[in-house]
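Undergrad: Once you've had a glance at the structure underneath, I'll fire off some questions.
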Ligand code: GRF
């Protein structure tokens, strides 16, 4: 089944790029219907433009409430034909109202082995804690911060002299691989997001 993707971004967009590349070379059966950023002028939007993918800015600052912002996002995604939503460095937490519009179909990529180190400083926190193994996680989004059911994970060794930058430089390419691979498994049906969510609810 081809995945009709809407991608939400806030920044650099290297994960978006990995998806665009995989779609472009035919190795992922998906279409990026739209890229939406809550911030103007970010690199991710340049990547969408270069790939010929529709993009727009929906700024949270233009809305009186989080619910109104989320409703505008969901409307824009639906209007562009997105059926799956990928959070690729999107820095806002989505409400349950948004998630109800795309049940079991909102995915996030996180640079740690959840449930360890949720939140925005996962790589630094893993380093500060002194773990010797960290990695990345693709998960379904629920109402919490990086708390939803895990779809896939991959480990990355922490080296004794790692800095936040050096560790990040090894995690990021693994994120890109894991994300594309997970989308591929969803598109082929090898991975069933609904079944993963049900297992978590038991
Ligand atoms: C990635 O590390 C992702 O795991 C996290 O935000 C970062 C986004 O990077 N959620 P990019 O914008 O895809 O380059």
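Laboratory data are not the source of any read-out in this text; all were calculated from the coordinates shown. None of these values were measured; they are calculated from a predicted model. FYI the Cβ positions are ideal-geometry reconstructions off the backbone, even for glycines, and counts take in every protein chain you see.
Undergrad: In the Gaussian network model of the chain, springs joining C-alpha atoms below 10 Å, which of 50, 184, 101 carries the largest mean-square fluctuation?
TA: Evaluated over the chain, the most mobile residue of the options is 50.
Undergrad: Can you give me the Rg/Rh ratio for the chain, using Cα atoms for both radii and the Kirkwood formula for Rh?
TA: Result for the chain is an Rg/Rh of 0.95.
Undergrad: With Kirkwood's inverse mean 1/r over C-alpha pairs for Rh, give me the Rg to Rh ratio of the range 48-94, two decimals please.
TA: Looking at the range 48-94, the ratio lands at 0.96.
Undergrad: What ranking do 141, 7, 57 get, fewest neighbouring Cβ atoms within 10 angstrom at the top?
TA: Least crowded to most crowded, the residues run 57, 141, 7.
Undergrad: For residue 63 and residue 2, calculate 0.36 nm times their separation in residues minus their Cα-Cα distance, and state this gained length in nm to one decimal.
TA: That works out to 18.7 nm of additional length.
Undergrad: Next up: Calculate for the chain the 222 nm mean residue ellipticity that helices alone would give, adding -39,500 (n - 2.57) per DSSP H run of length 4 or more and normalising by residue count, nearest 500 deg cm²/dmol.
TA: Only helices count here, giving -12500 deg cm²/dmol.
Undergrad: I've got another one for you. If r is the Cβ-Cβ distance from residue 43 to residue 83 and R0 is 30 Å, what FRET efficiency results, to the nearest 0.05?
TA: 0.70
Undergrad: Still on this structure, please answer the following. For an R0 of 22 angstrom, estimate the FRET efficiency from the Cβ-Cβ distance between residue 166 and residue 29 and round to the nearest 0.05.
TA: So, using R0 = 22 Å, E works out to roughly 0.05.
Undergrad: Then there's this: Starting from 0.36 nm per residue, how many nanometres of slack lie between residue 50 and residue 145 once their C-alpha separation is accounted for?
TA: Result for the pair: 31.1 nm of gain on full extension.
Undergrad: Mean-square fluctuation check for the chain, GNM, Cα pairs under 10 Å: which of 110, 139, 121 is largest?
TA: 121
Undergrad: Rounded to whole Å and sorted largest first, what semi-axes of the equivalent ellipsoid does the C-alpha gyration tensor of the range 1-76 yield via the square root of 5 times each eigenvalue?
TA: Rounded to whole Å, the semi-axes are 24, 14, 8.
Undergrad: Pick from 111, 103, 160: which residue has the top mean-square fluctuation in a GNM of the chain where Cα pairs under 10 Å get a spring?
TA: Ranking 111, 103, 160 by mean-square fluctuation puts 160 first.
Undergrad: Tell me the angle of helix 66-79 to the major Cα principal axis of the chain, expressed in degrees between 0 and 90 and rounded to the nearest ten.
TA: Roughly 70 degrees, rounded to the nearest 10.
Undergrad: So, R0 is 35 Å and r is the distance between the beta-carbons of residue 133 and residue 75; what FRET efficiency does that work out to, to 0.05?
TA: After rounding, the FRET efficiency stands at 0.25.
Undergrad: For residue 190 and residue 174, calculate 0.36 nm times their separation in residues minus their Cα-Cα distance, and state this gained length in nm to one decimal.
TA: 3.7 nm
Undergrad: Something else now. Mind checking Rg over Rh on the range 106-202, alpha carbons, Kirkwood formula for Rh?
TA: Reported Rg/Rh (Cα atoms, Kirkwood Rh): 1.00.
Undergrad: I would also like to ask the following. Which semi-axes, in whole Å and largest first, does the equivalent ellipsoid of the range 50-164 have when worked out from the alpha carbon gyration tensor as the square roots of 5 times its eigenvalues?
TA: After diagonalising the Cα gyration tensor, the semi-axes are 30, 14, 14 Å.
Undergrad: Moving on to the next point. For 29, 75, which order do you get if you count the other beta carbons within 10 Å of each Cβ and list the fewest first?
TA: The order, fewest Cβ neighbours first, is 75, 29.
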